[in-house]
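Here is the structure we will look at.
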Amino acid sequence: MNKRARRRIQNGALFVLLATLAVVANQILNVLHYRTPFFSGWFLFGLIVVLALYNVRKKLALIPVGTSAGWLQFHLYAGIMTSVVFALHVGLRIPDGVFERTLAVFYVATFTSGVAGLFLSRTFPARITSRGEEILFERIPVFLKQLRDDVEKVVFTCVEQTETTAIPELYLSHLKPFFEKPRNVFWHLVHSGRPRQRLLLEIRGQQRFLSESERKAVDQVTDRVRTKDDLDYQYALQGTLKVWLFIHIPLTYGLLVMSIFHGLAVYAYGGSY
Amino acid sequence: MTEPLQKFGWKQSQYERPAHGWVCGHLCDGSPCQFGPTSRGQCQVQNLCQPEKSGDRYICSRAVAFGGVCKEGPLPDGTCCQQDTACQPRRSLFHQRRLVSCSVTALSIAFCLYVFGGHPPSGAMSPGNVTFQHSSLEHECWTCHVAAGKNGTEFAVHSFDTQTAIADSNLCMKCHPEIGSEPFLPHSVAHAELVNFGQQSKETTSGESSSGVIADSGRPMLLSLASLFKGDAAVESHLACSTCHQEHRGKLHELTRLADLQCQSCHSKQFHSFQDGHPELADFAYSRRPRIYFDHSKHLQQYFVTEEFYRVMPDGKSPTSCVACHEPDTSGTLMQTRGFEQMCAGCHEREIADRESPGIAFLAIPSLAIDSAAMPDMSVGLGQWPVATIDPPLSPLPHFMQMLLETDAEYLAAQIELGELAPRNLSIALVETPAVAVNYLWGIKRLFHDLAVNGDVAFKRRLNDRFPTLAEMEPSIVPSAVSAARLWFSRLNDEVIARSQGSPLPVAEPSAGENSRLRLTPDSVMGGGWYIRESDHTVRYRPVGHSDPLLKTLLDVAVGRLSPDASPDAVSGMLAQLVSPSGSGDLSSRGPVASGRCLQCHTVDRNPKSGTLGINWNARRPGEKSSPLTAFSHSPHMKLLTEDGCISCHQVSRTASTDSAYRSEFFTRSENGHQWMPQTDWKVSLASGFDAISKARCIECHTDSSAGESCLKCHSYHAGSSTHYVADFWRRASSLERVGLPKRPDSSSDAAESP
């Protein structure tokens, strides 16, 4: 059993134990006529605050408050724990009021985006390293321009040498839009090579009508097409890994704000004894 | 195979700073500058220079970092020849994410302020629909919440106020006064009363079960765990209504739902279910004596089955079924008792209106045992005095008469002076202290004269406003007293006038005509139960039948004033006489007669709150709970009856004693021995004559999979709650204004003042 599997089993067992304890404690408090939503609510709010601190922790890399990996593990399991506590808090029913429903939607959206992020962060890195060259996301536009310039140079060179229009026409009709910006993001996310194959078939279909020098130029262009497609793949996956945080983090802050107001309302309207 | 795109090296590649807020505006073109924007988002590229004039020429002054001196050089007019290539920097992804986060946070705050900031608060703040019972209050938050409609500061204060929940619960009590005397204590009763409940429960359930074996497999594990955290002070702490009644959970939410484990968490006896571990029902249904005492065992097994029944009770009717005496109420909850005329009159009517009974003496003339003519009456001024035809009973004056005489100072002085001689040995007193004895006897004559002349006014005045209820009693004693005065003191008016003037008392008899008009026959019946008994010169009252109004009035007053520590004065004596088992007015009477018979069936209960005593004139009525924490409805069980009928559950006791429970259990002597006290403890005596109801009978249906075995099936949490409250809700809801509910925060008066 490797280290990761062992860690997963340990953390999973600890999570199940704590979740069971939370459920039993909730039942005990309920039996003893305590108002369990108060307890589960405070527990849930505390968990959310600690989870939100993970974002702060990432910015305070110099402060020794545990390893980032440790924080991430805690973030994952505590995040899943919130779903158990949330279910206890709302009593496995859909909240009824407008404000309560909005708060619940915020929680569900935050939790769901977190689960989606967990899925993405566990699957995309392996796919990113398995295809093409690993490129820094911030440099992708530079390399896109570099490839576009390379292809245009090949086309112009070919025109000068052969004085035919086959290659320029091919570039203008099929390749220019492809090289202008990242393409086929959706197909890359679903790990489909269909657009790439379609474009390569298009190029290959032109080859029978070309001269030898033109074919060499087309081969060079084909290489650039493959590189550009790999770059698009990197762009799609790395971009997704960055964009999901656009949902998860803002929702977390909104959730915290609404939770504070929710707590004030609960205490004002339900008492704080 | 193409060459790798990415190169790393301080010359080949830039140092990427993704956490920076801005990126070069040319990045999207794929040709960012190497400087990047400033931290404030300003482009740092300065490809334009400010040409310097050197002699008659302008020379380029561009820094090396931005390309150095350009080949073209400045224009002849001294301006730079280059195009401005400065970009408009863009926000980095990191910065965009922060912006979105701030925007969402701001929107959330704005939404919360909109929801919470209204006055009154927005309906969006409601956590959900209220139950249909409270639907009329759906949009009136202030009706149930003290914090509703308050400004920000007050709202925050309520948020941190530990008494907010209780304050809200007090608003609940505006519409729910029936909950109990201590609505926020466990079971809505005082701690001492709760302890009393527990003690009684232990006593009644400690015996062996009727079925012999009580299944008991310990207590649930969750309760065992809960017991580790349970505090001792729980029974004395206040519980807000919202502890159990969770509102805003939808119109059909069951507001009174309470889990069995929650019920048991406070109880010392904990068990798994009604079937498994619940104590036997013990004295359930018979825990208190019936309001109208009736021994079923004796009647059903002794009286009704004997051959002599119809001979002894020719008008009596032996019931053929339980419904002959009981009928369900409109809700089907209670099998209420039919009226006296339908159930009891056949046998007991004649017993109540007993013409053989002497009745109760209210007024009496002390017998002197000698003819007044033979006395030195003229010298002492006694005047006319009737002569008894039978031996004097040697009894004191009736207590009621003493009450009327207590306002006569001359009489009271004479009574004190006579001491033991009055009224039993007045003949001796007339000889030894004639003046004092005459004063004493004249007090009685003045009473009759006063009643004869002034009627009801004199009667009420003499009661001295101490007993307004007695002063209004019907039928009135005054007409009988007037007749008695005319009968026994025919010259009374003339004698009173002469005595007041100091003149000799008249001796002439009234004319024959007048005398015959006044002359009544012995034991003349005056009507309404009053009659004059000539033989012992008394005015007496015999009940005219069941529900005799005068006796009810007297007994209500008497029982209301009963106290074991009462001093033996005239008032307490009269009251004790009325409620005593031998309340005939004569201590020599034997057995229960007259008023004493009323309390043979009508029990006396003490009000637990006020401590006063009251007579149960009626059987249990719908809405009255027999047990504070237990409820039972007959109607769902009717269809389950076997051919045995009600006996299926209510087994008549075969072992009940047939001895009379009358003296030993119904009345007790007070501690000072001065009077009889009716038994007021409804727990100790006078059961209905039934065996305890067996739990096994209930378990036949009440299982988890059948009719249910929840605690709330049979028990109610609030000791004071009424089972008919829900049905009564709408009537109460229509009178919300009347009960003084909180007003809407922006009241109409404020609105009227605003322009």
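The values are calculated or read from the model by the stated rules, or taken from the named source; none is laboratory data. Given the structure is predicted, the values throughout are model-derived calculations rather than measurements. Every residue, glycine as well, gets a Cβ built from its backbone with ideal geometry; the counts of neighbours run over all protein chains shown.
Within the stretch A:226-259, the set of residues being facing chain B (nearest Cβ under 10 Å) and of a type in the set (A, V, I, L, M, F, W, C) comprises A:Leu231, A:Val243, A:Leu245, A:Phe246, A:Ile247, A:Ile249, A:Leu251, A:Leu255, A:Leu256, A:Val257, A:Met258. Applying the condition of being over 34 Å from the mean Cα position of the chain (by Cα) and facing another protein chain (nearest Cβ under 7 Å) to the stretch B:112-154 and asking which residue is nearest to B:Ala19 (Cα to Cα) yields B:Cys112.
Residue-by-condition table, conditions (1) surrounded by fewer than 13 Cβ atoms within 10 Å (Cβ to Cβ); (2) within 11 Å of another protein chain (Cβ to nearest Cβ); (3) closer than 19 Å to A:Asp149 by Cα; (4) at pLDDT below 85:
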position: B:Phe8; (1), (2), (3), (4): yes, yes, no, yes
position: B:Glu16; (1), (2), (3), (4): no, yes, no, yes
position: B:His20; (1), (2), (3), (4): no, yes, no, no
position: B:Val23; (1), (2), (3), (4): no, yes, no, no
position: B:Gln34; (1), (2), (3), (4): yes, no, no, yes
position: B:Arg40; (1), (2), (3), (4): yes, no, no, no
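May I ask you to list the residues in the stretch B:286-303 that are in contact with a helix residue (DSSP H, G or I) (Cβ under 8 Å, 6 or more places away or on another chain), closer than 19 Å to B:Gly339 by Cα and not β-branched (Val, Ile, Thr)? Full working, then the answer.
Within the stretch B:286-303, the first condition is being in contact with a helix residue (DSSP H, G or I) (Cβ under 8 Å, 6 or more places away or on another chain), and the residues that meet it are B:287, B:292-294, B:303.
Add one more test, that the residue is closer than 19 Å to B:Gly339 by Cα, and what stays is B:292-294.
B:Tyr293, B:Phe294 - these are the residues of the stretch B:286-303 that are in contact with a helix residue (DSSP H, G or I) (Cβ under 8 Å, 6 or more places away or on another chain), closer than 19 Å to B:Gly339 by Cα and not β-branched (Val, Ile, Thr).
Looking at A:Arg35, A:Arg4, which is the one that is more than 25 Å from A:Ala109 (Cβ to Cβ) and free of Cβ contacts under 8 Å to residues at least 24 places away in the same chain? After applying the criteria, what remains is A:Arg4.
Among the helices (runs of 4 or more DSSP H) confined to the stretch B:129-205, the ones with at least 1 residues that are more than 30 Å from B:Val115 (Cα to Cα) are located at B:191-205. Based on this model, can you work out whether A:Lys3 counts as within 14 Å of chain B (Cβ to nearest Cβ) and charged (D, E, K, R)? Criteria not met by A:Lys3.
One residue is enough: does the stretch B:461-475 have a residue meeting the conditions modelled with pLDDT of 85 or more, part of a helix (DSSP H, G or I) and more than 23 Å from B:Ala558 (Cα to Cα)? Within the stretch B:461-475, none of the residues are modelled with pLDDT of 85 or more, part of a helix (DSSP H, G or I) and more than 23 Å from B:Ala558 (Cα to Cα). Here A:Phe111, A:Phe106 are screened, and the one residue that is over 19 Å from B:Gly250 (Cβ atoms) and either within 14 Å of another protein chain (Cβ to nearest Cβ) or among the acidic types (Asp, Glu) (or both) is A:Phe106.
Is one or more of the residues making up the stretch A:253-273 surrounded by fewer than 16 Cβ atoms within 10 Å (Cβ to Cβ) and closer than 30 Å to B:Val115 by Cα? Outline the logic, then answer.
Narrowing the stretch A:253-273 to residues surrounded by fewer than 16 Cβ atoms within 10 Å (Cβ to Cβ): A:260.
Imposing the further condition that a residue be closer than 30 Å to B:Val115 by Cα reduces the set to A:260.
There is at least one residue in the stretch A:253-273 that is surrounded by fewer than 16 Cβ atoms within 10 Å (Cβ to Cβ) and closer than 30 Å to B:Val115 by Cα.
Reported count of residues in the stretch A:167-191, each being farther than 24 Å from A:Pro141 by Cβ, touching a helix residue (DSSP H, G or I) at 6+ places or on another chain (Cβ under 8 Å) and surrounded by fewer than 18 Cβ atoms within 10 Å (Cβ to Cβ), is 1. Only one of the numbered conditions (1) more than 14 Å from chain B (Cβ to nearest Cβ); (2) modelled with pLDDT under 95 is violated by A:Phe99, and that is (1).
Specify the residue that is nearest to A:Gly12 (Cα to Cα); the eligible residues are those in the stretch A:50-80 that are without any contact (Cβ under 8 Å) to a residue 40 or more places away in the chain and among the small types (Gly, Ala, Ser).
To start, the set of residues in the stretch A:50-80 that are without any contact (Cβ under 8 Å) to a residue 40 or more places away in the chain comprises A:50, A:53-54, A:56-72, A:74-75, A:78-79.
Restricting the remaining residues to those that are among the small types (Gly, Ala, Ser) gives A:61, A:66, A:68-70, A:78-79.
Details: A:Ala61: 27, A:Gly66: 20, A:Ser68: 19, A:Ala69: 16, A:Gly70: 14, A:Ala78: 11, A:Gly79: 13 Å.
Looking at residues that are without any contact (Cβ under 8 Å) to a residue 40 or more places away in the chain and among the small types (Gly, Ala, Ser), I get A:Ala78.
Does A:Glu138 fit the bill of being within 14 Å of another protein chain (Cβ to nearest Cβ) and at pLDDT below 95? Considered against the rule, which asks whether it is within 14 Å of another protein chain (Cβ to nearest Cβ) and at pLDDT below 95, A:Glu138 comes out as yes. The residues of the stretch B:444-466 that are small (Gly, Ala, Ser) and farther than 16 Å from B:Arg491 by Cβ, listed by number, are B:Gly455, B:Ala458. Of the residues in the stretch A:1-60, how many are surrounded by 12 or more Cβ atoms within 10 Å (Cβ to Cβ) and outside any helix (DSSP H, G or I)? Here the count works out to 4. Would you point out the residue of the stretch B:322-345, among those that are of a type in the set (Gly, Ala, Ser) and either buried (at least 17 other Cβ atoms within 10 Å of the Cβ) or modelled with pLDDT of 85 or more (or both), that is farthest from B:Ser635 (Cα to Cα)? Selected residue: B:Ala345.
What about B:Phe489, is it under 26 Å from B:Met403 (Cα atoms) and modelled with pLDDT of 85 or more? The answer is yes for B:Phe489.
Restricting attention to the stretch B:479-502, which residues are assigned to a loop (DSSP other than H, G, I, E, B) and touching a residue at least 24 places away in the same chain (Cβ under 8 Å)? Walk me through it before giving the result.
First, the residues of the stretch B:479-502 that are assigned to a loop (DSSP other than H, G, I, E, B): B:489-491, B:502.
Listed by number, the residues that qualify are B:Phe489, B:Ser490, B:Arg491.
Of the residues making up the stretch A:119-147, just one is aliphatic (A, V, I, L, M) and surrounded by fewer than 16 Cβ atoms within 10 Å (Cβ to Cβ), namely A:Ala126.
Just one of (1) touching a Gly at 6+ places or on another chain (Cβ under 9 Å); (2) assigned to a loop (DSSP other than H, G, I, E, B); (3) away from chain A (no Cβ under 14 Å) fails for B:Lys53. It is (2).
B:Phe294 meets all of the listed conditions (1) at pLDDT below 85; (2) in a loop (DSSP other than H, G, I, E, B); (3) out of contact with any strand residue (DSSP E or B) (no Cβ under 9 Å at 6 or more places or on another chain) but one, namely (3).
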